[in-house]
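In what follows, a single structure is set out as structure tokens and then discussed.
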Amino acid sequence: MVAPRVTPGHVAVVGSTNLDLIAYTPRIPEPGETIIGDRFVMGFGGKGANQAVMARLLGAAVGMVNCVGDDAYGELTRANLSGFGIDVSHVYTAPGPSGVAPIWVEPDGTNRIIVIPGANHRLTPGQAAAAIAGFPTLDVVIGQFEIPQEVTVAAFAAARERGATTILNPAPGAGVAPELLGACDWIIPNQVELAHLLDGEADPADDAALLGARRRIGCGLVVTLGEAGAALVGSDDRVLRLAAPRVAVTDTTGAGDAFVGAFAFALAAGLDTATALRLGIACAADSVTRPGTQTSFPRGDRAAALLAQACSGA
Ligand code: RIB
């Protein structure tokens with residue numbers, strides 16, 4: 001595959017870091033039941049950190065804005081992000097535990113996640129706004145729902161002031177504060193999160209419903225659809241649906257984050273939204289073939305090949 005001529009941009013992620021405690025299990029235990037699992041893996045996660053890592057693996061210059069605890073996990077998290085070449089000068093430390101996420105993964109790759117936010121909830125609006133204002137160059141800012149929404153509001157307001165594009169991944173699913181919605185250029189929910197956003201059922205298989213959702217939300221909308229791919233409605237009010245490639249699924253944990261990080265990489269690099277959608281789907285589909293969260297993301301030649309393929313329109 002010929003390497004595309006892509007000039008990577010600058011991405012900041014305002015969001016969570018967690019230590020992922022992943023149990024691979026033959027099935028989910030019943031209430032009161034104990035079962036023997038297959039294996040256990042400890043890894044670095046958090047939706048914010050995962051998205052930062054994916055954007056970085058594709059070549060973006062990435063800065064992380066976050067708060068870790070003053071425990072061992074906090075230092076390990078900082079070192080992990082630095083190891084990818086991510087700027088951690090705005091990763092702050094607060095007294096108390098870092099974020100953790102116990103995760104169960106079944107043989108078909110289905111995951112169940114509980115997030116205990118810890119220090120993720122100690123990041124302040126002032127810290128986030130100052131960090132965003134302080135990056136020398138910035139094209140795209142990403143936020144999620146594992147830190148308080150008012151922090152993301154402050155970050156997105158600072159991003160808007162300097163002309164950066166804002167992307168909200170409203171995960172875990174919750175309603176969105178109107179002032180946050182008003183500061184979004186793109187919002188990327190999965191089907192469950194879309195229902196939360198719209199306060200009820202929304203059928204992402206129906207183009208008219210998606211168009212209505214975009215108008216109601218008032219910014220660009222991308223709905224990730226798991227193995228069915230994703231659908232995008234931009235400012236031209238046209239629905240673009242792309243299927244995902246068929247792959248052997250090992251672990252779906254972090255696939256949505258791979259999508260968001262790759263989509264943000266593409267926008268920061270000045271690529272068009274259709275290419276961003278293709279790249280997001282390709283990286284997410286690739287990630288589910290390997291176990292873990294950040295460990296499952298495509299990197300090196302594999303990431304370059306997926307980028308080249310997305311740029312070629314395939
Ligand atoms: O999206 C997957 C992520 O959700 C995990 O890494 C976990 O930490 C939670 O944030």
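Please treat every number below as a calculation from the coordinates, not as lab data. Computed from a predicted structure; not experimentally measured. Neighbour counts are summed over all protein chains in view; Cβ atoms, including those assigned to glycine, are modelled from backbone coordinates with ideal geometry.
Assorted remarks:
- Within-14-Å neighbourhood charge of GLY143 [Cβ basis; K, R +1; D, E -1]: -4
- Backbone amide hydrogens, once placed in the peptide plane, bring GLN144 within less than 5 Å of ASN169, excluding anything fewer than 5 places away on its chain.
- Gyration tensor over the Cα atoms of the chain: the corresponding equivalent ellipsoid has semi-axes (square roots of 5 times the eigenvalues, largest first) of 26, 24, 21 Å.
- Considering only THR124, THR25, HIS10, the residue lying farthest towards the positive end of the dipole of the chain is HIS10, judged by Cα position with unit charges set on Cβ.
- Selection among ALA244, THR275, VAL223 by position relative to the dipole of region 213-308 gives VAL223 as farthest towards the positive end (Cβ unit charges, Cα centre).
- For region 153-202, the set of GluC sites (Glu not before Pro) satisfying both a DSSP loop assignment and a count of at most 11 other C-beta atoms within 10 Å is given as GLU201.
- The charge dipole of the chain, taken about the Cα centre with unit charges on the Cβ atoms of Lys, Arg (+1) and Asp, Glu (-1), comes to about 720 debye, rounded to the nearest 20.
- Taking the number of Cβ atoms within 10 Å of each Cβ as an exposure proxy, the fewest-first ranking of ILE147, ILE217 is ILE217, ILE147.
- The relative contact order of region 1-135 comes to 29 percent, based on Cα pairs under 8 Å that sit 6 or more residues apart.
- What you get for region 156-314, charging only the Cβ of Lys and Arg (+1) and of Asp and Glu (-1), is a dipole of about 380 debye around the Cα centre.
- Dipole magnitude of region 1-54 about its Cα centre (Cβ charges: Lys, Arg +1; Asp, Glu -1), debye to nearest 20: 340
- Taken one residue at a time, the phi angles of region 84-93 give Karplus couplings (6.51, -1.76, 1.60, θ = phi - 60°) of 7, x, 8, 6, 10, 5, 10, 9, 8, 10 Hz. Gly and Pro are set to x.
- For region 179-249, the ratio of Cα radius of gyration to the globular rule of thumb 2.2 N^0.38 Å stands at 1.09.
- The longest part of the chain holding none of the exposed loop trypsin sites (Lys or Arg not before Pro), meaning those outside H, G, I, E and B in DSSP with at most 14 other Cβ atoms within 10 Å, is 28-161.
- Positive-end extreme of charge dipole, the chain - chosen from ALA305, LEU232, TRP104 (charges on Cβ): ALA305
- Radius 10 Å from Cβ of SER235, net charge of other residues (Lys, Arg +1; Asp, Glu -1): -1
- For peptides 62-73, 165-176, sequence by mean Cβ density within 10 Å, most packed first: 62-73, 165-176
- Counted by neighbouring Cβ atoms within 10 Å, the residues ASP139, ASP257, ASP20 run from fewest to most as ASP139, ASP20, ASP257.
- Distance from region 230-257 to region 112-188 (C-alpha centre basis), Å: 22
- Centre-to-centre, using Cα atoms only, region 293-314 and region 1-80 are separated by 18 Å.
- The Stokes-Einstein estimate for region 146-191, based on a Kirkwood radius over Cα pairs and taken at 37 °C with 0.692 mPa s viscosity, is a diffusion coefficient of 305 µm²/s.
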